[in-house]
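The values are calculated or read from the model by the stated rules, or taken from the named source; none is laboratory data. Remember, it's a predicted structure, so these values are computed and weren't measured experimentally. Cβ sites come from the backbone with ideal geometry, for glycine too, and all protein chains shown count toward neighbours. These accessible areas exclude ligands, DNA and RNA; they are computed on the full protein's heavy atoms, side chains included. Shrake-Rupley method; radii C 1.70, N 1.55, O 1.52, S 1.80 Å.
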Amino acid sequence: MAASKDKPRRLVVAITGATGAIYGVRLLQQLGATPGIETHLVVSDAASLTLHQEAGMQRRDVEALAHVVHRNRDVGASIASGSFQTDGMVIAPCSMKTLASVAHALSDNLIARAADVTLKERRRLVLMVRETPFNLAHLRNMTAVTEMGGIVFPPLPNFYHKPASIDEMVDHTVARVIDLFGIEHALAPRWAGMKDVSGN
């Protein structure tokens with residue numbers, strides 16, 4: 001769905017209770033600063049606890065970053081229907097419970113239902129899965145989601161750009177996610193090729 005003056009591009013962002021809530025927060029901050037993007041946010045109850053523990057943020061602080069907020073129990077929300085057009089959805093971070101719900105099409109809450117809708121409408125779904133090490137159930141669920149057309153994107157840091165802070169590591173990962181939706185940004189440096197042995 002292309003952005004226009006009257007019709008912004010919509011992205012659904014979900015934050016679940018896995019560690020790494022900062023990825024969802026930073027994604028919302030960047031998308032909120034990008035003209036022509038409308039964010040629809042769902043925060044799980046477990047995510048509220050993680051946000052407070054990891055980032056010192058209350059649910060209302062995070063919800064203020066989004067254009068539209070939906071409750072996870074509201075399975076009748078607009079994003080629960082395929083007729084509500086979006087460019088896709090990012091679950092950042094994605095817990096193993098949510099991954100399982102998506103892999104088995106449970107639609108037992110709004111996050112899982114919105115993800116199911118994204119897949120059935122052949123829109124882009126990105127799951128920033130957070131767990132380590134993976135057990136066989138995790139791997140099979142990731143395979144199932146990939147076979148359905150989803151993108152499994154563990155937020156693994158890159159070091160080739162020599163990050164000087166956690167913020168830079170987070171931004172680089174979020175930048176890669178935003179790239180998947182073809183949205184322009186200047187959030188992180190891009191690879192410019194390998195330096196030769198002389199350091200040039």
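Return the carbon/sulfur percentage of the accessible area of the chain, one whole number, probe 1.4 Å, all protein chains in place.
Numbers: 5410 of 10310 Å².
Here it works out to 52 percent.
Among [x] 16.8, 61; [y] 16.6, 47; [z] 18.2, 61, which one is Rg and Dmax of the Cα atoms in Å computed from these coordinates?
Among [x] 16.8, 61; [y] 16.6, 47; [z] 18.2, 61, the one derived from this structure is [x].
In debye, nearest 20, what is the charge dipole magnitude of the chain about its Cα centre with +1 on Lys and Arg Cβ and -1 on Asp and Glu Cβ, if you could check?
Dipole size: approximately 280 debye.
Give the peptides 87-97, 23-33 in descending order of average Cβ contacts within 10 Å, highest first. Display every interim value, and only then the final one.
Numbers: 87-97: 25.3, 23-33: 21.0.
The densest-packed peptide leads the list: 87-97, 23-33.
Compute the accessible area per residue over region 1-135, keeping the other protein chains in place, probe 1.4 Å, unit Å². Write out the running numbers ahead of the final one.
On the way: 6040 Å² over 135 residues.
Computed with neighbouring chains in place, this is 45 Å² per residue.
Taking +1 at the Cβ of each Lys and Arg and -1 at the Cβ of each Asp and Glu, which of 166, 35, 84 sits farthest along the dipole of the chain towards its positive end, judged by Cα position relative to the Cα centre?
The residue sitting most towards the positive pole is 84.
Provide the FRET efficiency to the nearest 0.05 for the residue 122-residue 176 pair, computing r from the beta carbons and using R0 = 22 Å.
That gives a FRET efficiency of 0.50.
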